[in-house]
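Participant: Below is the structure I would like to discuss, written out as structure tokens.
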Amino acid sequence: MNTDILGLDTVAAISTPYGRGGIAVIRISGERAFDIADKVFKVAGGVLPSSIDANLMKYGHICYNNELIDSGMIVRFAAPHSYTGEDAVEISCHGGVLVSKKVLQAVFEAGALPAGPGEFTKRAFMNGKLSLSQAEAVIGIIDAESTKALRLALSHASGTLTKKINALYDELADLLARSYVYSDYPDEDLSDLTVDEMKRGLNRVLEELEALYATYENARSVNEGIYTVITGKPNTGKSSLFNLLLGKNRAIVSDIEGTTRDFIEDNVSINGVLLKLCDTAGIRKSQDRLENAGIERSLELLDRAELVIAVFDSSCAADERDIAIIEQISKKKRCRKIALLNKSDLGDAFSADLSSFDFVIKTDAVTPFGINELERAVLSMFDAGDIDFSEQATIANARQAASIRASCNALIHGIRTLEDGYTQDIAGLDIEEALARLGESDGRQVSEDIVDRIFHNFCVGK
Ligand code: GDP
């Protein structure tokens, strides 16, 4: 095992996508990066890679053990002015599968170890080059499926959220320090912070944190997607509508991997609002005789739904299965609901109490008709409008949202403690909790386990 004595191992990976392409970039980072580069790269003119000017590309040959592997470009980044904050080298070679692998192999033989998923970004985080939310934004940029999602990720990468969280963290830390003055010298009346001042300070931070928490809704609709279930009894046109929505937006449709395939899931972006569409009609297609089981399953999926699109056959009178679905949906809280009276081209015999739905829209999945109205309804419910993500700090994901929520709850508790007549040092315990949770949201106090889990979502080479 080749472990550097003073620091982390020097690691390497191909940072461009695996496969045939114009160029491949092999990234090397760590204390031995320059030494390894000297062993595998001969810069034209005979200068050693470790001696070339930093940040300037040089042409040369990639060879190892006297075997010429390829020609290409090399660039050297000296710590701390690199992506990872460590000494780093990037070698660009021809983008063939074999040739890029051979270059990487040579780099390994010269002393580097294979980089794990997201290892370069993780090192950037560990070396203080990026906050956790900025590191998460890197995945956001890579995974962005709409211009809005990309803008949001870019805003996080530039540190808008980090700055906001840091400012609130400092404000709370200051309140905490001043409450400790009281706890250390309770009889001396040394506190320069009255209970009222402390309450005002906590309320101010709480207000800002609540506003920050509320931004999660906007980010979620562009980033993570609204879990949307299309439901209704068989043959009402669910699959046709599902395909229509996907077909209209084909450019940004992608399969979600790893889901059970007894229903169909796909992502669709409607003008920047990402819907995680789930069509329960798939059950019926594979297990014809289990129609009713299919409906039950779709009712189970309804539990998770944040948006339900219920499809009814407009040409037939409502029967007890339609009524059962309507009743089930009307019980759901914190969920938006759209009723589609599909097959409207065949008649309008359907009649039922649809007052629990936010929208009732007539559609015809064949012509098609009504789809634009359906999209407008979705936008009116979930579109954050043209929020300037570059200006406004916005929470990007469920992890950050949970930390901010926990921080708010601790502050609410602290304020109540003061209102109940307890002293500032008792409320200080709640401030400590609020600080810990806030620190978690952007990596100041995050556990190693969470850091590992976050970086595991990255690809190798990033
Ligand atoms: P599902 O079982 O609810 O998924 O329904 P499907 O999408 O498979 O549709 C059942 C049948 O109804 C198919 O033959 C469709 O072509 C047809 N269909 C779906 N929507 C409409 C519509 O709006 N009008 C008409 N006339 N036929 C439709």
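The values are calculated or read from the model by the stated rules, or taken from the named source; none is laboratory data. Just so we're clear, the structure is a prediction, and the values are computed from it rather than from any experiment. Ideal geometry is used to build each Cβ from the backbone, glycine not excepted, and the neighbour counts take in all protein chains shown. Quick note on the areas: whole protein, heavy atoms, side chains included, nothing else; ligands and nucleic acids left out. Shrake-Rupley method; radii C 1.70, N 1.55, O 1.52, S 1.80 Å.
Participant: Could you check region 59-111 and list, in sequence order, the residues that are touching a helix residue (DSSP H, G or I) at 6+ places or on another chain (Cβ under 7 Å) and assigned to a helix (DSSP H, G or I)?
Facilitator: Selection gives Ala106, Val107.
Participant: Do any residues in region 69-92 that are over 14 Å from Val11 (Cα atoms) have Cβ atoms under 6 Å from those of residues that are part of a loop (DSSP other than H, G, I, E, B) and not aliphatic (A, V, I, L, M), where the two are at least six apart or on different chains, and which pairs are they?
Facilitator: Ala79/Glu86; Ala79/Asp87
Participant: Can I ask one more? How many of the residues in region 330-367 are more than 16 Å from the ligand (Cβ to nearest atom) and either in contact (Cβ under 8 Å) with a residue 40 or more places away in the chain or not assigned by TED's automatic domain parsing to the domain that holds Gly232 (or both)? Before the answer, list the steps.
Facilitator: At the first step, the residues of region 330-367 found to be more than 16 Å from the ligand (Cβ to nearest atom) are 330-337, 351-359.
From what's left, either in contact (Cβ under 8 Å) with a residue 40 or more places away in the chain or not assigned by TED's automatic domain parsing to the domain that holds Gly232 (or both): 336, 352, 357.
Summing the residues that are more than 16 Å from the ligand (Cβ to nearest atom) and either in contact (Cβ under 8 Å) with a residue 40 or more places away in the chain or not assigned by TED's automatic domain parsing to the domain that holds Gly232 (or both) in region 330-367 gives 3.
Participant: Would you mind stating whether Ala214 is surrounded by fewer than 15 Cβ atoms within 10 Å (Cβ to Cβ), at pLDDT 80 or above and within 32 Å of the chain's Cα centre (by Cα)?
Facilitator: Details: surrounded by fewer than 15 Cβ atoms within 10 Å (Cβ to Cβ): yes; at pLDDT 80 or above: yes; within 32 Å of the chain's Cα centre (by Cα): yes.
Criteria met by Ala214.
Participant: Go through (1) within 29 Å of the chain's Cα centre (by Cα); (2) buried (at least 19 other Cβ atoms within 10 Å of the Cβ) one by one and return the number of the condition Ser100 breaks.
Facilitator: Failing condition for Ser100: (1).
Participant: Could you grab me the full set of residues in region 126-137 that are open to solvent by 20 Å² or more (accessible area, probe 1.4 Å) and under 15 Å from Asn166 (Cβ atoms)?
Facilitator: Going through region 126-137, the residues open to solvent by 20 Å² or more (accessible area, probe 1.4 Å) turn out to be 126-130, 134, 136.
Those that are open to solvent by 20 Å² or more (accessible area, probe 1.4 Å) and under 15 Å from Asn166 (Cβ atoms): Gly128, Leu130, Gln134.
Participant: Sticking with this one: Starting from residues that are of a type in the set (S, T, N, Q) and surrounded by fewer than 19 Cβ atoms within 10 Å (Cβ to Cβ), keep the ones in region 21-70 and report whichever is nearest to Glu90 (Cα to Cα).
Facilitator: Step one: filter region 21-70 for residues of a type in the set (S, T, N, Q), giving 29, 50-51, 55, 65-66.
Now narrow it down to the ones that are surrounded by fewer than 19 Cβ atoms within 10 Å (Cβ to Cβ): 50-51, 55, 65-66.
On the way: Ser50: 12, Ser51: 15, Asn55: 10, Asn65: 20, Asn66: 21 Å.
Of everything passing the filter in region 21-70, Asn55 is nearest to Glu90 (Cα to Cα).
Participant: If we scan region 352-372, do we find a residue that is in contact with a Cys (Cβ under 7 Å, 6 or more places away or on another chain), over 30 Å from Thr160 (Cβ atoms) and open to solvent by less than 50 Å² (accessible area, probe 1.4 Å)?
Facilitator: no
Participant: Are any of the residues in region 392-414 among the charged types (D, E, K, R), in a loop (DSSP other than H, G, I, E, B) and more than 14 Å from the ligand (Cβ to nearest atom)? Reasoning before the result, please.
Facilitator: Of the residues in region 392-414, the ones among the charged types (D, E, K, R) are 399, 405.
When the remaining residues are screened for being in a loop (DSSP other than H, G, I, E, B), the result is none.
Looking for residues that are among the charged types (D, E, K, R), in a loop (DSSP other than H, G, I, E, B) and more than 14 Å from the ligand (Cβ to nearest atom), one finds none in region 392-414, hence no.
Participant: Quick check: anything in region 191-205 among the aliphatic types (A, V, I, L, M), at pLDDT below 90 and either under 20 Å from the mean Cα position of the chain (by Cα) or farther than 22 Å from Val446 by Cα (or both)?
Facilitator: First, the residues of region 191-205 that are among the aliphatic types (A, V, I, L, M): 193, 195, 198, 202, 205.
When the remaining residues are screened for being at pLDDT below 90, the result is 193, 195.
Add one more test, that the residue is either under 20 Å from the mean Cα position of the chain (by Cα) or farther than 22 Å from Val446 by Cα (or both), and what stays is 193, 195.
Yes.
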